[in-house]
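> First, the structure itself, so that you have it in front of you.
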């Protein structure tokens, strides 16, 4: 294990129209479609040793009435590891549907920024399976598929999370997401400390050194999501998972 502390290396599956895709800075105008079926992709991630797979339903996030629940169900059936799913979870019914599919962790972003009291109610009903998704550009929270400004700073929203009972946080700097240019470790640490919660970094991972930098940043930064770099062969998922012990996902 090379002396590294436990650190989640979290492979990502972004879904659009039932297929694996990647965006650059969240723009639907910059979609790259990858050839593998999402369920097969998830099966390979689990076989490599992933403890957690991060799934984003881009269609649901866009809010135009489409979703990828069938693909998520297929991923659930294919992969025995834990699933973390976000994108378009804006009602208790949305959350219940994911629970019924067997999803362990549910990421909430837009609802958290706009209706935190509603999210507190979901947690009371469905338990501590909810993870805050804070997506920001220049420190400003973006919602509704990153299209709208939520009117508050990322650190301000983070500071409200513990009182709601969320289990953790996924923080994305939109400016580096999908660029392979390196993650914003410093801002991730700042937001994690504001929240006082275990935080997974998202956006900008371009190579193994970026994962190592995140792993060495702060005890509250407990993992990093790896997407485009993995799909384009810049990182070897199995090698990363062997390098960093994977903690149990609760």
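Computed from the coordinates by the stated procedures, all read-outs in this text should not be read as laboratory data. This one's a predicted model, so the numbers in the text were calculated from it and none came from an experiment. Cβ atoms come from the backbone with ideal geometry, glycine included; neighbour counts cover every protein chain shown.
> Helix-only mean residue ellipticity at 222 nm, the chain, DSSP H runs n ≥ 4 weighted -39,500 (n - 2.57), per residue, nearest 500. What is it?
-9500 deg cm²/dmol
> Please report the Cα spread of the range 124-250 along all three principal axes, rounded to whole Å, starting with the longest.
38, 31, 24
> What is the fewest-to-most order of 174, 134 by other Cβ atoms lying within 10 Å of their Cβ?
174, 134
> Right, next: How large is Rg/Rh for the range 8-243, to two decimals, with Cα atoms and a Kirkwood Rh?
Taking Rh as the inverse mean 1/r over Cα pairs, Rg/Rh reads 0.92.
> Full extension from residue 32 to residue 17: what is 0.36 nm times the residue separation minus their Cα-Cα distance, to one decimal in nm?
Between residue 32 and residue 17, full extension yields 4.1 nm more.
> Of 178, 151, 86, which is the most mobile in a GNM of the chain whose springs link Cα atoms less than 10 angstrom apart?
Of the options given, 151 has the highest mean-square fluctuation.
> Provide the packing ranking of 45-54, 98-107, i.e. peptides ordered by the mean count of other C-beta atoms within 10 Å per residue, highest first.
Ranking, from highest mean packing down: 45-54, 98-107.
> Further question: Using Cα pairs closer than 8 Å and at least 6 residues apart in sequence, work out the relative contact order for the range 8-243, in percent.
RCO, the range 8-243: 18 percent.
> Another one. Take every DSSP beta bridge with both residues inside the range 8-243 and express the antiparallel ones as a percent of the total, to the nearest 5.
25
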